[in-house]
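Q: Can you keep this structure in mind? I'll have questions shortly.
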């Protein structure tokens, strides 16, 4: 009999879509008959996940931005809940996107559906009170960062599986459009693109003033319409791995910062959100850094320019990175166990596929 099982995956972001696709590939090597359905982006759909809805239609980030998206997210959550209960999967894997996923998970768990959440909410960064709700929402949290389980201890079962971004493989066939070459990474969400791309175009103008023969390469997430990246002569590549030959990068804070660190590309990290979101986050912030390499190292390894995105300042920092060498030591990346991260996650999920299932935490766990 062919090993199988029934799995649901809910991923509303480009990074979560990639994680979900890699998980499906790993699990199907073990269980060829596995049936997978979900909220899926292009990566998951390409590996045969039956999509109830598209991840491209479900993204939102920032407190103010999420409020504007709440009616759509609530409607989507109710639609997913009904479909999941009808499907009766062995387990549901929700990936990141806590505004959507943890609300959905709590409702599913009350209806007896097992839920494993992948990518711990950043309670170590802001709003640590959220940890109290995790035990009621999910059965297990799979953490990307090694220090996260201790933040969740006593509230929910949490395991460190590793961060696959720390083991990204460079695409050496990608174009090198000029000397020097700068990577411009605006982010994978439409809201990030709207805020960051005009700034990056202005940064590129300043850099061309300093380096007339320089070129630009831009990774385009599958959740982004490449037609929105106008106004700049730049090479477009399908992923961050395609900027491995860049001399320096200007990158929106997120998973791409770890990928660039693994590729050895010097970077300056930028980010901008709605001013009200920024004011609230700063009030609740628990940490001194935003960029993941800095958070993991506990030190300012890469420069950060946040909220006040002055193109002249950003261009000056980026120009100074050319020829600067490695910013993030290999020892920092090694702590993330990137090469085994997907297999570790698959081990956790497979334990729920078929009998016996791992014991569930008590429903009333605070």
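Q: I'm told residue 149 meets every condition in (1) without any contact (Cβ under 8 Å) to a residue 60 or more places away in the chain; (2) under 27 Å from residue 279 (Cα atoms); (3) surrounded by fewer than 22 Cβ atoms within 10 Å (Cβ to Cβ) except one. Can you identify the failing condition by its number?
A: (2)
Q: Just to be sure before I move on: is residue 242 modelled with pLDDT under 95 and either not assigned by TED's automatic domain parsing to the domain that holds residue 143 or not in a loop (DSSP other than H, G, I, E, B) (or both) in the structure I sent? Lay out the reasoning, then the answer.
A: Details: modelled with pLDDT under 95: no; either not assigned by TED's automatic domain parsing to the domain that holds residue 143 or not in a loop (DSSP other than H, G, I, E, B) (or both): yes.
When the stated conditions are applied, residue 242 does not pass them.
Q: Test residue 302 against the criterion of being surrounded by fewer than 20 Cβ atoms within 10 Å (Cβ to Cβ) and in contact with a strand residue (DSSP E or B) (Cβ under 6 Å, 6 or more places away or on another chain), and give yes or no. Explain how you work it out, then say what you get.
A: On the way: surrounded by fewer than 20 Cβ atoms within 10 Å (Cβ to Cβ): no; in contact with a strand residue (DSSP E or B) (Cβ under 6 Å, 6 or more places away or on another chain): yes.
No.
Q: Right, something else. Residue 176 passes all but one of (1) at pLDDT below 95; (2) more than 18 Å from the chain's Cα centre (by Cα); (3) not in a loop (DSSP other than H, G, I, E, B); which number fails?
A: Unmet condition: (3).
Q: Further, regarding this structure: May I ask you to list the residues in region 116-157 that are assigned to a strand (DSSP E or B) and within 18 Å of residue 349 (Cβ to Cβ)?
A: The first filter runs over region 116-157 and keeps only residues assigned to a strand (DSSP E or B), leaving 116-118, 126, 140-143, 157.
Correct list: 116, 117, 118, 140, 141, 142, 143, 157.
Q: Do we have any residue at all in region 179-189 that's touching a helix residue (DSSP H, G or I) at 6+ places or on another chain (Cβ under 8 Å), modelled with pLDDT under 95 and farther than 24 Å from residue 312 by Cβ?
A: yes
Q: Still on this structure, please answer the following. Which is surrounded by fewer than 22 Cβ atoms within 10 Å (Cβ to Cβ), closer than 23 Å to residue 15 by Cβ and either at pLDDT 90 or above or not assigned by TED's automatic domain parsing to the domain that holds residue 281 (or both), of 69, 87, 97?
A: Values: 87 fails: closer than 23 Å to residue 15 by Cβ; 97 fails: surrounded by fewer than 22 Cβ atoms within 10 Å (Cβ to Cβ).
Matching residue, one of 69, 87, 97: 69.
Q: Could you please find all residues in region 305-336 being in contact with a strand residue (DSSP E or B) (Cβ under 8 Å, 6 or more places away or on another chain) and at positive phi?
A: 307
Q: Could you say which residue among 280, 342, 296, 270 is under 30 Å from residue 30 (Cα atoms) and in contact (Cβ under 8 Å) with a residue 40 or more places away in the chain?
A: Values: 280 fails: under 30 Å from residue 30 (Cα atoms); 296 fails: under 30 Å from residue 30 (Cα atoms); 270 fails: under 30 Å from residue 30 (Cα atoms).
Just one listed residue meets the conditions, 342.
The rows are residues; the columns are (1) within 30 Å of residue 235 (Cα to Cα); (2) in contact with a strand residue (DSSP E or B) (Cβ under 7 Å, 6 or more places away or on another chain); (3) crowded, with 22+ Cβ neighbours inside 10 Å; (4) in the same structural domain as residue 312 (by TED's automatic domain parsing).
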residue	(1), (2), (3), (4)
106	no, no, no, no
139	no, yes, yes, no
142	no, yes, yes, no
192	yes, yes, yes, yes
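The values are calculated or read from the model by the stated rules, or taken from the named source; none is laboratory data. On a predicted model such as this, the values are computed, not experimentally measured, just so you know. Because the Cβ atoms are built from the backbone with ideal geometry, glycine has one as well, and the counts that use them run over all protein chains shown.
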